[in-house]
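Here's the structure, in structure tokens; my notes come after.
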Amino acid sequence: MRAVIQVASSASVTVDEQVIGQIPRPGLMILLGVHVDDSEAEAETLVDKIVNLRILGDEQSAVDLNAPVLVVSQFTLNADVRKGRRPSWSKAARPEHSEPLYEYFVEEVRERGLEVHTGQFGAMMDVSLVNSGPFTLVIDSDDLAAPRRG
């Protein structure tokens, strides 16, 4: 799994001109991409890392501050652009694999006691963000655990 984490003063997701998810106060915006080889183990590892990172005010974590989180599925995070000019999506998990893992990730964040808002899986979304700092991290679950891919 790959996540782009942004410290946000505010963030929202709109589908068909309707706001479907937003964080009501400063917190974290997470764009989440699921890889073809990902499992619940990668989701758990990534959630534990993200919610406990001391990246918010006064070097506190989302858990410390009970900060809200907005999670948006983004398969493009697994694009392969090494060859040619057209991205390859072969490493991005298909919806039947990625949607349950996306939902699992969201539930794992909730189980840590945080308020979680989401986008709409598979929809064309407009994402709005005020990135505080600016502060942005990219975390890949492969970098957090022993290698699992051949």
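The values are calculated or read from the model by the stated rules, or taken from the named source; none is laboratory data. Predicted model only: the values in this text are computed from it and were never measured. Cβ: placed from backbone, ideal geometry, glycine included. Neighbour counts: every protein chain shown. Keep in mind that these areas ignore ligands, DNA and RNA; they rest on the heavy atoms of the full protein, side chains included. Shrake-Rupley method; radii C 1.70, N 1.55, O 1.52, S 1.80 Å.
Quick grid of which residues meet (1) in contact with a Leu (Cβ under 6 Å, 6 or more places away or on another chain); (2) within 17 Å of Val138 (Cβ to Cβ); (3) free of Cβ contacts under 8 Å to residues at least 60 places away in the same chain:
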| position | (1), (2), (3) |
| --- | --- |
| Ser9 | no, no, no |
| Val34 | yes, yes, no |
| Gly57 | no, no, yes |
| Val72 | yes, yes, yes |
| Leu77 | no, yes, no |
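Can you name the residue in segment 101-128 that is open to solvent by 60 Å² or more (accessible area, probe 1.4 Å) and among the aliphatic types (A, V, I, L, M) and is also farthest from Ala79 (Cα to Cα) among such residues?
Just the residues of segment 101-128 that are open to solvent by 60 Å² or more (accessible area, probe 1.4 Å), to begin with: 103, 107, 110-112, 115, 120, 122, 124, 126-128.
Restricting the remaining residues to those that are among the aliphatic types (A, V, I, L, M) gives 124, 127.
Numbers: Met124: 17, Val127: 19 Å.
Going through the qualifying residues, I end up with Val127.
Residue-by-condition table, conditions (1) in contact with a Cys (Cβ under 9 Å, 6 or more places away or on another chain); (2) aliphatic (A, V, I, L, M); (3) surrounded by fewer than 22 Cβ atoms within 10 Å (Cβ to Cβ):
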{"site": "Val19", "(1), (2), (3)": "no, yes, yes"}
{"site": "Met29", "(1), (2), (3)": "no, yes, no"}
{"site": "Glu40", "(1), (2), (3)": "no, no, yes"}
{"site": "Asp48", "(1), (2), (3)": "no, no, yes"}
{"site": "Gly57", "(1), (2), (3)": "no, no, yes"}
{"site": "Val63", "(1), (2), (3)": "no, yes, yes"}
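Looking at segment 88-100, which of the residues that are open to solvent by less than 50 Å² (accessible area, probe 1.4 Å) and either touching a helix residue (DSSP H, G or I) at 6+ places or on another chain (Cβ under 6 Å) or not in a helix (DSSP H, G or I) (or both) is farthest from Gln120 (Cα to Cα)?
Of all residues in segment 88-100, those open to solvent by less than 50 Å² (accessible area, probe 1.4 Å) come to 88, 92-93, 98.
Now narrow it down to the ones that are either touching a helix residue (DSSP H, G or I) at 6+ places or on another chain (Cβ under 6 Å) or not in a helix (DSSP H, G or I) (or both): 88, 92-93.
Numbers: Ser88: 23, Ala92: 17, Ala93: 17 Å.
Within segment 88-100, the match that is farthest from Gln120 (Cα to Cα) is Ser88.
Here Ile139 does not qualify as farther than 18 Å from Val34 by Cβ and either within 16 Å of the chain's Cα centre (by Cα) or surrounded by 15 or more Cβ atoms within 10 Å (Cβ to Cβ) (or both). Within segment 28-47, does at least one residue satisfy the condition of being more than 16 Å from Phe105 (Cα to Cα) and not hydroxyl-bearing (Ser, Thr, Tyr)? There is no residue in segment 28-47 that is more than 16 Å from Phe105 (Cα to Cα) and not hydroxyl-bearing (Ser, Thr, Tyr).
Looking across segment 1-17, the residues that are open to solvent by 20 Å² or more (accessible area, probe 1.4 Å) and farther than 21 Å from Met124 by Cβ come down to Ser9, Ser10.
There is at least one residue in segment 76-84 that is open to solvent by less than 30 Å² (accessible area, probe 1.4 Å) and closer than 25 Å to Thr14 by Cβ.
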